[in-house]
Amino acid sequence: MTNIPHIQITEPAVTCSTCAACCCKLEVMLITDTGVPQRFIDTDDWGGEVMLRLDDGWCAALDRDTMMCTIYALRPLICREFEMGAPECLEEREGIATVYR
């Protein structure tokens, strides 16, 4: 009997060039004033301000061609704190990947 060595396969690192902008499908509440332009702001069912999402479910500030934020310097606090490659990011990426399988 031959032993086959165990090979660990790791996910590639998430970088700006491999980001699928999965977090841009999440509801983003505006809890601080970062200067988000009014055209990207919506009101939720409870009267709170949130980032506007278009009919496709993606954030209105997301450039659909580059999948990059068009207001990056003015992005909401929650977007600033959502760390690329963190467990929450990887969980969202896994969730969106299973939708397209």
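No lab work stands behind these numbers, since they all come straight from the coordinates. Values in this document were obtained by computation on a predicted structure and should not be read as measured data. Cβ placement follows ideal geometry from the backbone for every residue including glycine, while neighbour counts extend to all protein chains displayed.
Structure data summary
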quantity: Dipole in debye (nearest 20) - segment 24-99, about Cα centre, beta carbon charges: Lys, Arg +1; Asp, Glu -1; calculated: 260
quantity: Mean separation of Cα contacts under 8 Å (6+ apart) over length of segment 24-99, as relative contact order %; calculated: 30
quantity: 5 angstrom amide H check on Val28, placed H, neighbours 5+ away; calculated: Met51
quantity: Packing-based exposure ordering (other Cβ within 10 Å, fewest first) of Met29, Met51; calculated: Met29, Met51
quantity: Pairwise label distance in nanometres, Leu77 with Arg39, each label 7 Å out on the Cα-Cβ vector; calculated: 2.7
quantity: Inter-label distance, nm, simple model (7 Å from Cα along the C-beta direction), Glu27/Glu88; calculated: 1.5
quantity: Counted charge near Cys23, where neighbours are those whose Cβ lies closer than 11 Å (Asp, Glu -1; Lys, Arg +1); calculated: -3
